[in-house]
Amino acid sequence: MHATVAIIGAGPAGLLLARLLHNAGIDSVVLEHRDRAYVEHRQRAGMLEQTTVDALRAAGAAARLDREGLVHHGIELRFDRRAHRLDFPDLTGGRSVMIYAQTEIVKDLVALQLAEGGPLLFETQAVGIEDGLVRFLRDGVEEKLTCEFVVGCDGFHGISRAALPNARVYEREYPYSWLGILADVPPSCEELIYAHSERGFALHSMRSATVSRLYLQVPNDADPEHWPDDRIWDELEARFAVDGDWKLSRGPITQKAVTPMRSFVTEPMRHDRLFLAGDAAHIVPPTGAKGLNLAVADVVVLAEALEHWRRTGATDLLDAYSDTCLRRVWRAEHFSYFMTTLLHLAPGQTGFDTRLQLSQLDRIATSRHAAAELAENYTGVALRQ
Ligand code: FAS
Ligand code: PHB
């Protein structure tokens, strides 16, 4: 088997890259370890920056997103029983965000790839990467895919990062995790609520007018089985508590899972003809809602560089890929770290630490400049050269 580009992983990064290359007339093959149902139903992200929406529209992959996505013009911060809304268009000169689940993006891209794109091989595990070659297992038989380029879109637990010689790794782990739930209940708010409380962090998001998505900070060793529905709703209610008549609606919880948090960057994101994109290269704590958006930004840069190479033979954009991506990656790493340490209560945190958090939150609620800095980062900064 041969392709110009071998893509390892059919998450949002690998699938969108395949779509962008197809649109540019560049052939690729996508190798995906898991089956289609697993990939399409793995609960993950939900908030899309405008640049992500624009990229999906430009790729011809946003028809359902434009019908079903929820446009949000702000978020609410809650702390000290106060609520403060950040008005994104006012603070950023017109930008907003969209809520549309990553699972739906994956389903849309899988359908397009199967209908119009190159081979998308499920239950096919890449087991080795060499120069211009990927070895993979399919039905227990080892096969080879020769190619011009290999792109590792295989996530944090994939194999491609290990194939980069001399990679530098930067990482931080956090002393807490998120317990995330899906619930069959209409959202209790129009927009997202990020809550700081003396009991820990909580986030209210949603998937549709009838399905809510909520998260609460838990210890790293938390077991979802020890969190029955009533305990989850009681804890969320306590953490969202605010003066006024707001009420958290409850309903049957259909999914619950604990996700650890880490900050992680591999540098560089390229070695010769091997490129990394998305979670294979970097991880951010989900507090800043950046993971999926970074994966999309990486593959937009890479697809443009590969199209430039195919049209001109020049490798200048390919050579600039890693530095171009890493500038955005580190901006998102800092913002995600800022939001995470601002809103979560670390075990053993002192009263001094908590007062610092409340002071920063009060600053954001009372200073247009501080609010604009958060809103610009949240909606996606335009990186001026
Ligand atoms: P992905 O991990 O999505 O996809 C990698 C793919 O490669 C997988 O399908 C995997 O099966 C495949 N693969 C791995 N090894 C392979 C091999 N050897 N051969 C073939 N295939 C292989 N981001 C947010 O913005 N907001 C959130 O709330 C949020 N929540 C998250 C919750 C969880 C539990 C996790 C793990 C991540 C979350 N993220 C969130 C981040 C997430 O959305 C990622 O940023 C996004 O999935 C990145 O997409 P990919 O880079 O495509 O990697
Ligand atoms: C989600 O809807 O899953 C979501 C939204 C914003 C975040 C994290 C998760 O910061």
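The values are calculated or read from the model by the stated rules, or taken from the named source; none is laboratory data. A quick note: this is a predicted structure, and the numbers were derived from the prediction, not measured. Neighbour counts are summed over all protein chains in view; Cβ atoms, including those assigned to glycine, are modelled from backbone coordinates with ideal geometry. Keep in mind that these areas ignore ligands, DNA and RNA; they rest on the heavy atoms of the full protein, side chains included. Shrake-Rupley method; radii C 1.70, N 1.55, O 1.52, S 1.80 Å.
Pairs meeting the criteria (first residue in segment 41-60 and open to solvent by 60 Å² or more (accessible area, probe 1.4 Å), second residue acidic (Asp, Glu), beta carbons under 9 Å, at least 6 apart or on different chains) are 57/66.
Considering segment 1-91, the qualifying strands (runs of 3 or more DSSP E), each wholly inside and each with 1 or more residues that are of a type outside the set (Asp, Glu) and within 15 Å of ligand 2 (Cβ to nearest atom), run over 70-72, 74-79, 82-87.
All of 77, 70 fail the test of being touching a residue at least 60 places away in the same chain (Cβ under 8 Å) and within 16 Å of ligand 1 (Cβ to nearest atom), apart from 70.
Kindly check whether there is at least one residue in segment 303-311 that is at pLDDT 95 or above and surrounded by 24 or more Cβ atoms within 10 Å (Cβ to Cβ). Within segment 303-311 (the criterion being at pLDDT 95 or above and surrounded by 24 or more Cβ atoms within 10 Å (Cβ to Cβ)), the answer is yes, since at least one residue qualifies. Taking every residue in segment 302-318 that is without any contact (Cβ under 8 Å) to a residue 12 or more places away in the chain and pairing it with any residue that is charged (D, E, K, R), at least 6 positions away or on another chain, the pairs with Cβ-Cβ distances below 8 Å are 308/316. Residues in segment 91-108 that are without any contact (Cβ under 8 Å) to a residue 40 or more places away in the chain and open to solvent by less than 40 Å² (accessible area, probe 1.4 Å): 0 in all.
Here's the yes/no breakdown for (1) more than 16 Å from residue 30 (Cβ to Cβ); (2) open to solvent by 60 Å² or more (accessible area, probe 1.4 Å):
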{"residue": "139", "(1), (2)": "yes, yes"}
{"residue": "151", "(1), (2)": "no, no"}
{"residue": "161", "(1), (2)": "yes, no"}
{"residue": "165", "(1), (2)": "yes, no"}
{"residue": "170", "(1), (2)": "yes, yes"}
{"residue": "173", "(1), (2)": "yes, yes"}
{"residue": "176", "(1), (2)": "yes, no"}
{"residue": "179", "(1), (2)": "yes, no"}
{"residue": "182", "(1), (2)": "yes, no"}
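Taking each residue of segment 278-289 that is under 15 Å from residue 201 (Cβ atoms) and looking for partners that are in a helix (DSSP H, G or I) and hydrophobic (A, V, I, L, M, F, W, C) with beta-carbon atoms closer than 6 Å, six or more apart or interchain, yields 287/339; 288/335; 288/339.
Condition check ((1) within 24 Å of the chain's Cα centre (by Cα); (2) in a loop (DSSP other than H, G, I, E, B); (3) not basic (Lys, Arg)) across all residues:
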| position | (1), (2), (3) |
| --- | --- |
| 300 | yes, no, yes |
| 303 | yes, no, yes |
| 308 | no, no, yes |
| 314 | no, yes, yes |
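Is there a residue being of a type outside the set (Phe, Trp, Tyr), farther than 30 Å from residue 240 by Cβ and open to solvent by 60 Å² or more (accessible area, probe 1.4 Å) anywhere in segment 69-90? Within segment 69-90 (the criterion being of a type outside the set (Phe, Trp, Tyr), farther than 30 Å from residue 240 by Cβ and open to solvent by 60 Å² or more (accessible area, probe 1.4 Å)), the answer is no, since none of the residues qualifies. Taking the residues in segment 256-290 that are within 11 Å of ligand 1 (Cβ to nearest atom) and among the hydroxyl-bearing types (Ser, Thr, Tyr) as candidates, determine which candidate is nearest to residue 99 (Cα to Cα). Only one residue tops the list, namely 287.
Every residue in segment 109-137 that is open to solvent by 60 Å² or more (accessible area, probe 1.4 Å) and either among the β-branched types (Val, Ile, Thr) or closer than 30 Å to residue 62 by Cα (or both), please. Correct list: 114, 115, 116, 119, 123, 125. Inspection of segment 236-255 finds no residue satisfying the criterion of being among the charged types (D, E, K, R), within 16 Å of ligand 1 (Cβ to nearest atom), open to solvent by 30 Å² or more (accessible area, probe 1.4 Å) and in contact with a Leu (Cβ under 8 Å, 6 or more places away or on another chain). The residues in segment 212-253 that are more than 25 Å from residue 84 (Cβ to Cβ), touching an Asp or Glu at 6+ places or on another chain (Cβ under 6 Å) and assigned to a loop (DSSP other than H, G, I, E, B) can be counted, and the count is 2. Exactly one residue out of 152, 132 is away from ligand 1 (no atom under 16 Å from the Cβ), out of contact with any Pro (no Cβ under 9 Å at 6 or more places or on another chain), closer than 23 Å to residue 303 by Cα and not acidic (Asp, Glu): that is 132.
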